[in-house]
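**Student:** Pasting a structure below so you can have a look.
Read-outs: derived from the displayed coordinates by stated rules, not from any lab. Predicted model, so just to flag it, every value in this text is computed and none were measured. Cβ placement follows ideal geometry from the backbone for every residue including glycine, while neighbour counts extend to all protein chains displayed.
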Amino acid sequence: MEANMPKRKEPGRSLRIKVISMGNAEVGKSCIIKRYCEKRFVSKYLATIGIDYGVTKVHVRDREIKVNIFDMAGHPFFYEVRNEFYKDTQGVILVYDVGQKDSFDALDAWLAEMKQELGPHGNTENIIFVVCANKIDCTKHRCVDESEGRLWAESKGFLYFETSAQTGEGINEMFQTFYVSIVDVCENGGKRPTTNSSASFTKEQADAIRRIRNSKDSWDMLGVKPGASRDEVNKAYRKLAVLLHPDKCVAPGSEDAFKAVVNARIALLKNIK
Ligand code: GTP
Ligand code: MG
């Protein structure tokens, strides 16, 4: 009898993880967490004072995961309070507001603050970071586009999601992928599985796209001096075209960068004898 009984699947062992939120004040960190845990949105701004702490349970595959969430205050004033909460973290929700360029530019400083608090022996390599480009419902005010945010995140090996705590868009998908990635690391002995540890494009490609995006004119875009010769323009163009050709480059924004380079070359060659 026993032998014919269907085997009951043993639920996986439960796991306890710690995640923190980071990002400038008012970008929506608390609202993202509230939207996921309480399925609601609060439009009035209630600044987090120091740290908010909560526990939630989620399931990943067969496993029950107890998540300790430390929601940090973004205001610089609370640095002294939040700085001791960085250690022993498995996951970081890094948030910026797509309508506030400053909050996007500040992401590097947030990483630096974390690294500084973890000290020289602190290792962030096996921590899962998810970047939330939040407030995508505010389309009129958007000033950081998807490819710019995605390029920044993916070039660091971070996950990237477009979210709105107000409408709920992207929130569940973000948390689900985030938790699965953390569990993958835990089940791999605390190390990132090699398959998802690095970006699928090079730093050189990411840097070229950023430089092209920020260039002030066609000369600058091709990286040649104003008044450069036909040969110099063509040489610079060929180098960038090989680096960013859509058949070879999958970095976010590469297609637009490639088109911009093609157009810059045409514009320059028109005026060079
Ligand atoms: P600190 O706790 O000060 O670090 O701020 P925070 O990042 O936790 O921001 P919070 O979640 O408190 O949200 C700040 C303001 O932005 C509030 O008025 C929210 O209602 C609003 N907000 C948050 N997320 C969204 C969103 O996705 N869309 C819109 N339109 N507003 C949002
Ligand atoms: Mg908050």
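**Student:** Provide a single number: the residues in segment 259-273 that are assigned to a helix (DSSP H, G or I) and surrounded by fewer than 22 Cβ atoms within 10 Å (Cβ to Cβ).
**Tutor:** 10
**Student:** Also, I was wondering about something else. Within segment 28-54, how many residues turn out to be aliphatic (A, V, I, L, M), surrounded by 15 or more Cβ atoms within 10 Å (Cβ to Cβ) and within 9 Å of ligand 2 (Cβ to nearest atom)? It would help to see each step written out before you state the result.
**Tutor:** Here is the first cut: in segment 28-54, the ones aliphatic (A, V, I, L, M) are 32-33, 42, 46-47, 49, 51.
Checking the rest, the ones that are also surrounded by 15 or more Cβ atoms within 10 Å (Cβ to Cβ) come to 32-33, 51.
When the remaining residues are screened for being within 9 Å of ligand 2 (Cβ to nearest atom), the result is 33.
Residues in segment 28-54 being aliphatic (A, V, I, L, M), surrounded by 15 or more Cβ atoms within 10 Å (Cβ to Cβ) and within 9 Å of ligand 2 (Cβ to nearest atom): 1 in total.
**Student:** Let me ask another. Restricting the search to segment 10-32, which residues are more than 8 Å from ligand 1 (Cβ to nearest atom) and not in a strand (DSSP E or B)?
**Tutor:** We begin by selecting, within segment 10-32, every residue more than 8 Å from ligand 1 (Cβ to nearest atom); these are 10-20, 22.
Scanning segment 10-32 gives 10, 11.
**Student:** If you scan segment 71-99, which residues turn out to be within 15 Å of ligand 2 (Cβ to nearest atom), in a loop (DSSP other than H, G, I, E, B) and crowded, with 17+ Cβ neighbours inside 10 Å?
**Tutor:** Hits for segment 71-99 are 73, 74.
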